[in-house]
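S.K.: Next up is a structure, given as structure tokens.
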Amino acid sequence: MTRVWKWNRPVTVREVLEDLQQERSIAYTTVMTVLDNLHQKGWVRREAEGRAYRYEAVSTRAAYSAALMNDAWTQSDNPAAALVAFFGMMSPQQREALRDAVRIVQGPETPAVENAAAENAVAENAATENPAAAEGATGG
């Protein structure tokens, strides 16, 4: 998928093969099988071009990553604690990107008081599950 996302356009097995062969030896049939498997799983769509196919990603890498994170989060028995633990693993740059993303999603109309209340609620809920993670997340 990395190669398909890299080009951000429909690609052939031959193009992916040639790109991969710059780093390692790999067979045409291996690349063809992987792209076919990705098609069967619904991660890429393909369109016939002569005797070959052109493969294109169904979603962006960002959308795929978001779906993975959402799946993991929703499977937790304590989503708030899972978020606090996840935030605790983030670098300062990642936390700043998260703050920016929250501002974009919430829009300019959400008062800062609501944001602080929501952050405190998450920290309090997580403290029950993982006191050490919650303490680190709240700066305590």
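The values are calculated or read from the model by the stated rules, or taken from the named source; none is laboratory data. Just so it is clear, the structure is predicted and the values come from calculations on it, not from any experiment. As a convention, Cβ positions derive from the backbone with ideal geometry for all residues, glycine included, and neighbour counts pool all protein chains shown.
S.K.: Which residue is farthest from the chain's Cα centre (by Cα), if the candidates are limited to segment 2-16 and must be part of a helix (DSSP H, G or I) and closer than 18 Å to Arg51 by Cα?
M.R.: Arg14
S.K.: If you go through segment 71-85 one residue at a time, do you hit one that is at pLDDT 95 or above and either under 16 Å from the mean Cα position of the chain (by Cα) or of a type in the set (Gly, Ala, Ser) (or both)?
M.R.: For segment 71-85, residues at pLDDT 95 or above and either under 16 Å from the mean Cα position of the chain (by Cα) or of a type in the set (Gly, Ala, Ser) (or both): absent.
S.K.: Still on this structure: Within segment 51-65, identify whether any single residue is among the polar types (S, T, N, Q), within 18 Å of the chain's Cα centre (by Cα), farther than 30 Å from Val16 by Cα and at pLDDT 90 or above, and answer yes or no.
M.R.: no
S.K.: Residue check: is Val84 assigned by TED's automatic domain parsing to the domain that holds Thr12 and among the aliphatic types (A, V, I, L, M)?
M.R.: no
S.K.: Run Asp100 past the list (1) at pLDDT below 90; (2) surrounded by fewer than 12 Cβ atoms within 10 Å (Cβ to Cβ) and report the number of the one that doesn't hold.
M.R.: The failed condition is (1).
S.K.: Considering segment 1-37 alone, what residues qualify as being under 20 Å from Leu68 (Cβ atoms) and at pLDDT 95 or above?
M.R.: Correct list: Val34, Asn37.
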